[in-house]
C-alpha cells in the first residue's frame, strides 16, 4: 500500500507542482508518524514490552489525507488534518478496533473546521486519460490483496447506477460531472483505497456487498440533497457504522429472509 501511494504521488506531483505538494506531504508524514509512534510506544510498552514500533498506519493515513486535499491548502492545514486523523483513531474506537476510517473522518471534519477544498489530486485526474489504467491496476491489486473486491464492485456498480438513473430521470447536467475528471477518478480512488481499509470494512462477502451498496446510496443522497464536497467520505463513515454494527451482530441468512419462509423450507426438507 505504501509503495502504491508513493507511486501515485510521484506521478501526480510534477503536474501539481512539487513546491506545493512537498511541504504538506512531508510535514504530515513526519508529524503524524511521530505522534503515532509515541502513542504506540506508550501502549506497546505497557502491553508487550516492545519499546518502539514503525507507525506505518500513520504514514498511510497522512498520505491519503494529503492526496485528497487540494495542494492549494496551506501545509499546516494538511498536517493538522493528518494529526487529527491519528488522534481520532485512538479516541473513537470500539472493542473490535477503529470505529471510523481515520483519514475519512479527519477529512470530513476539516471541511467544517477549515472549509478545506478537495481536489483528489492523488487519483491522477490531471494526467491524460490513460492514467485511469494505472489507477485501476494499482487499485485492483490492493483490493485483491486485502480481499475486498466484492465491496469495491458493489459500491461502484450501485454508485454509477444511481447517478445514471438520476441523469435519465432529472437534469443530466447536474450529475454530468460525476462521469468526468476529477470526480470519476475520485470515486475509483475512494473505492480502492478508502473503502478497503481492513479495520473498518467487512470481511465476509455478503456484508461487503451490502456495505458497498449502503455507501453508494448515502454518497448519492449527500450529493443530491446536501451538495457537500465530502459526499464520498460521508458515505464511508456510514459504511463504517454499518460494519461496527455487523461486528456486534454478524449478518446471516435469516436477516434477509422472513423466518416463516426459513421454517417452511426446513419443514419441506
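Only the coordinates and a few stated rules stand behind these numbers; no lab work does. Everything numeric in this text was worked out from a predicted model, so none of it was measured. Note: ideal-geometry Cβ built from the backbone for every residue, glycine included; neighbour counts use all protein chains shown.
Structure summary
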{"read-out": "Spin-label pair residue 52/residue 161, simplified geometry with 7 Å Cα→Cβ offset, distance in nm", "value": "5.1 nm"}
{"read-out": "Packing-based exposure ordering (other Cβ within 10 Å, fewest first) of 121, 221", "value": "221, 121"}
{"read-out": "Gained length - residue 7 relative to residue 72, 0.36 nm times residue gap less alpha-carbon distance", "value": "21.3 nm"}
{"read-out": "Footprinting exposure proxy for 1, 78, 67, 161 (fewest neighbouring C-beta atoms within 10 Å first)", "value": "161, 1, 67, 78"}
{"read-out": "Semi-axis lengths, Å, the chain, gyration tensor of Cα atoms, sqrt of 5 times eigenvalues", "value": "31, 26, 16"}
{"read-out": "For 86, 178, order by how many other beta-carbon atoms lie within 10 Å, fewest first", "value": "178, 86"}
{"read-out": "Pairs of Cα atoms farther than 23 Å apart, the range 127-254, %", "value": "31 percent"}
{"read-out": "Length released on extending from residue 92 to residue 112, taking residue separation times 0.36 nm less the Cα-Cα span", "value": "5.4 nm"}
{"read-out": "Rotationally averaged projected area of the range 60-140 (alpha carbon convex hull; nm²)", "value": "6.1 nm²"}
{"read-out": "Where only C-alpha atoms are counted, convex hull volume of the range 2-113 per residue in Å³", "value": "100 Å³"}
{"read-out": "Cα→Cβ-extended label distance, 7 Å offset, between residue 173 and residue 224, nm", "value": "2.0 nm"}
{"read-out": "Kirkwood Rh, angstrom, the range 179-241 [1 / mean 1/r, Cα pairs]", "value": "11.9 Å"}
{"read-out": "Residue-span extension gain [residue 144 to residue 43] - 0.36 nm each, minus C-alpha spacing", "value": "33.2 nm"}
